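Here's the structure, in structure tokens; my notes come after.
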Amino acid sequence: MELRLFLKNITLRRTDQLDPGLVALLLAALFAVLNETSVNIALSNFSEIFHVSVSTTQWLTSGFLLVMTVVLPTTAFIMQSFKTRQIFFASMSLVGCGAIIAGAAPAFWVLLLGRLIQAAGTCVLIALLNNSILLLTPPHKRGIALGLSGLVVSFSPAIAPALSGLIMQQLNWRFLFWGLIPFYIIVAVLAYINLKNISETSKQKLDWLSVLLSIVAFGGILRGINGVGVTGPNNIYALMPLLIGMVGLVLFAWRQMKIENPLLELRVLKYPMFTLGTLMIAFCLMTLFGVVVLIPIFLQGAYGLSIFVTGLAMLPGGLLNGLASPISGHIYDRVGPKPLIIPGVILMAAISWLLSMVSSSTNIGLLIAMHCCILISIAFVMPSSQTNGLNQLPPPLYPHGIAIMSTVMQLAGALGTATYVSIMSISQQHYLQGAHSAATNLQKNALIYGISHAFQFCALLLILGLVIALFIKRPLLMENYSKDSIRSES
């Protein structure tokens with residue numbers, strides 16, 4: 001129903017016609033994100049297939065995120081320099097070629113290369129989708145449009161674990177990559193017929209020093225966060241990339257404020273609703289990644305469920321999250337952000353606290369219900385925060401706003417995973433040091449103890465998110481600003 005409502009409301013600028021090109025973009029993003037997330041559950045299988053360590057196979061995930069984080073700051077330049085169709089077919093070609101290479105991989109490094117190529121294409125494709133939505137939809141209809149984009153991004157991770165588990169059990173692992181190629185071709189044909197060039201392009205000069213600094217900054221921060229999550233906060237070798245990344249970030253920000261055509265226009269942060277919305281998205285992503293990491297660990301460690309059954313248990317929450325996203329966007333278009341964001345953050349905090357009290361005797365149905373509730377609350381906060389923040393920006397800053405939001409999303413997801421896993425691990429060690437070595441179910445109880453502390457921290461962090469939510473309001477729309485007027489204001 002929401003999809004039909006969305007299709008009725010999305011129109012081309014200055015016309016009343018349905019825009020099927022945007023549908024092609026949504027489908028392309030759906031399959032690209034599905035390919036991104038389908039590998040996560042099969043990391044241990046790849047360790048056996050290619051005879052490498054599990055820590056090495058983790059690069060299939062962390063390397064993907066690293067490339068996305070490095071490419072994201074350049075997407076504003078790409079959106080302003082190239083036509084819509086050029087960007088789409090280039091990014092889809094990267095996703096498709098990466099799938100072919102990964103599926104044919106005779107060695108692990110070839111598989112990793114294919115994944116990294118896919119990461120660059122996926123990153124640009126999602127940025128193009130969000131930028132197109134902003135250009136093709138009037139501000140009073142963007143809530144449901146960006147909500148449907150959220151459905152696409154949420155639906156793929158929801159079905160990926162179960163789908164990947166089924167493929168690994170019944171088919172060859174290569175179908176994780178090759179199985180989606182026919183869908184890429186279908187989407188490409190739809191886009192070739194229907195997708196139009198909608199953005200205005202201009203001759204942009206790429207500042208290579210900014211690109212280099214962004215690689216050092218965002219790559220170093222992401223690498224450091226992941227390292228801290230694995231080895232703990234006391235490991236100097238894990239902290240070094242993080243410190244280098246922070247220094248790089250300061251230099252990157254300084255450079256952007258000094259040059260005439262910055263890689264990322266950081267002046268978008270002077271728009272308060274955009275900044276607050278970006279912070280709310282960061283809190284949501286930290287919570288989301290904490291939930292999708294900790295609950296599967298709990299299901300397997302406390303209940304002894306298999307990977308496939310764990311994926312099935314996580315499926316209802318993911319599906320409800322995706323379905324709730326366009327609904328929350330539709331509500332936002334009618335009533336604004338506060339009626340969605342404030343109750344949503346309160347529910348997120350309350351469920352996080354309840355999750356800190358679960359044990360091996362907790363009914364699994366109740367745990368799945370709590371998982372569903374927290375993902376629904378995230379679906380009500382994230383699209384509203386994103387739409388509200390981007391609506392305050394003038395059109396010339398859309399690509400920069402999307403690039404900054406997307407970069408923060410990647411870093412927040414990694415930070416959430418690293419933070420909650422570190423808290424869980426430290427709490428586990430503390431429990432084991434204080435427990436009697438002959439106690440029964442020692443490892444299981446230590447795991448539950450660690451997860452409990454991680455969710456307690458999540459609940460406390462969301463209280464800060466609630467304070468920020470109180471200052472969010474629907475912005476005045478800024479549709480007629482020029483780039484020169486934006487920079488002259490500063």
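Observations on the model:
- Residues located in segment 450-473, provided they are farther than 30 Å from residue 299 by Cβ and either modelled with pLDDT under 90 or surrounded by fewer than 20 Cβ atoms within 10 Å (Cβ to Cβ) (or both): 467, 468, 470, 471, 473
- No other residue among 297, 331, 307 is open to solvent by 10 Å² or more (accessible area, probe 1.4 Å) and in contact with a Gly (Cβ under 7 Å, 6 or more places away or on another chain) apart from 307.
- Filter result (in contact (Cβ under 8 Å) with a residue 40 or more places away in the chain, open to solvent by 20 Å² or more (accessible area, probe 1.4 Å) and among the small types (Gly, Ala, Ser)) within segment 351-376: 359, 360
- Subset of segment 294-311 (residues that are modelled with pLDDT of 80 or more and among the aliphatic types (A, V, I, L, M)): 294, 295, 297, 299, 302, 305, 309
- Meets criteria (acidic (Asp, Glu), modelled with pLDDT of 80 or more and either open to solvent by 10 Å² or more (accessible area, probe 1.4 Å) or closer than 16 Å to residue 119 by Cα (or both)) for residue 48: yes
- The sole residue among 227, 143, 147 that is out of contact with any Asp or Glu (no Cβ under 9 Å at 6 or more places or on another chain) and open to solvent by less than 40 Å² (accessible area, probe 1.4 Å) is 227.
- Some residue of segment 169-184 being open to solvent by 60 Å² or more (accessible area, probe 1.4 Å), closer than 29 Å to residue 137 by Cβ and assigned to a helix (DSSP H, G or I): yes
- Among the residues listed as 100, 41, the single one being modelled with pLDDT under 80, part of a helix (DSSP H, G or I) and open to solvent by 30 Å² or more (accessible area, probe 1.4 Å): 41
- Any hit, segment 199-221, residues being at pLDDT below 85, of a type in the set (Ser, Thr, Tyr) and assigned to a helix (DSSP H, G or I): no
- Residue check for residue 204: farther than 18 Å from residue 115 by Cβ, without any contact (Cβ under 8 Å) to a residue 40 or more places away in the chain and either open to solvent by 20 Å² or more (accessible area, probe 1.4 Å) or touching an Asp or Glu at 6+ places or on another chain (Cβ under 8 Å) (or both): no
So that you can scan it fast, the table gives a plain yes or no per residue for (1) open to solvent by 30 Å² or more (accessible area, probe 1.4 Å); (2) closer than 19 Å to residue 181 by Cβ; (3) not in a helix (DSSP H, G or I):
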residue: 66; (1), (2), (3): yes, no, no
residue: 105; (1), (2), (3): no, yes, yes
residue: 116; (1), (2), (3): yes, yes, no
residue: 127; (1), (2), (3): no, no, no
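- Listed conditions (1) open to solvent by 30 Å² or more (accessible area, probe 1.4 Å); (2) in a helix (DSSP H, G or I) are all met by residue 291, apart from (1).
- Contact annotation: residue pairs with Cβ atoms under 9 Å, 6 or more positions apart or on different chains, pairing a residue in segment 307-330 that is free of Cβ contacts under 8 Å to residues at least 40 places away in the same chain with a partner that is of a type in the set (A, V, I, L, M, F, W, C), are 309/299.
- Every residue from segment 236-260 that is open to solvent by 50 Å² or more (accessible area, probe 1.4 Å) and either modelled with pLDDT under 75 or more than 24 Å from residue 61 (Cα to Cα) (or both): 236, 237, 247, 250, 251, 254, 255, 257, 258, 260
- All positions within segment 296-310 that are farther than 19 Å from residue 42 by Cβ and either in a helix (DSSP H, G or I) or in contact with a Pro (Cβ under 9 Å, 6 or more places away or on another chain) (or both): 298, 301, 302
- Of all the residues in segment 272-288, those that are more than 27 Å from residue 457 (Cβ to Cβ) and crowded, with 21+ Cβ neighbours inside 10 Å number 2.
- Scanning segment 266-278 turns up no residue that is in a helix (DSSP H, G or I), under 17 Å from residue 420 (Cβ atoms) and touching a His at 6+ places or on another chain (Cβ under 9 Å).
- Of everything listed in (1) at pLDDT 80 or above; (2) open to solvent by 30 Å² or more (accessible area, probe 1.4 Å), the single unmet condition for residue 79 is (2).
- Meets criteria (over 30 Å from residue 256 (Cα atoms), under 18 Å from the mean Cα position of the chain (by Cα) and in a helix (DSSP H, G or I)) for residue 313: no
- Any hit, segment 151-159, residues being polar (S, T, N, Q) and either within 28 Å of residue 394 (Cα to Cα) or surrounded by 24 or more Cβ atoms within 10 Å (Cβ to Cβ) (or both): yes
The values are calculated or read from the model by the stated rules, or taken from the named source; none is laboratory data. Here the structure is a predicted model, which is why all the values come from computation and not from measurement. Quick reminder, even Gly has a Cβ in these numbers, built from the backbone with ideal geometry, and neighbours come from all protein chains shown. To get the accessible areas, we keep the full protein, side chains included, count just its heavy atoms, and leave off ligands, DNA and RNA. Shrake-Rupley method; radii C 1.70, N 1.55, O 1.52, S 1.80 Å.
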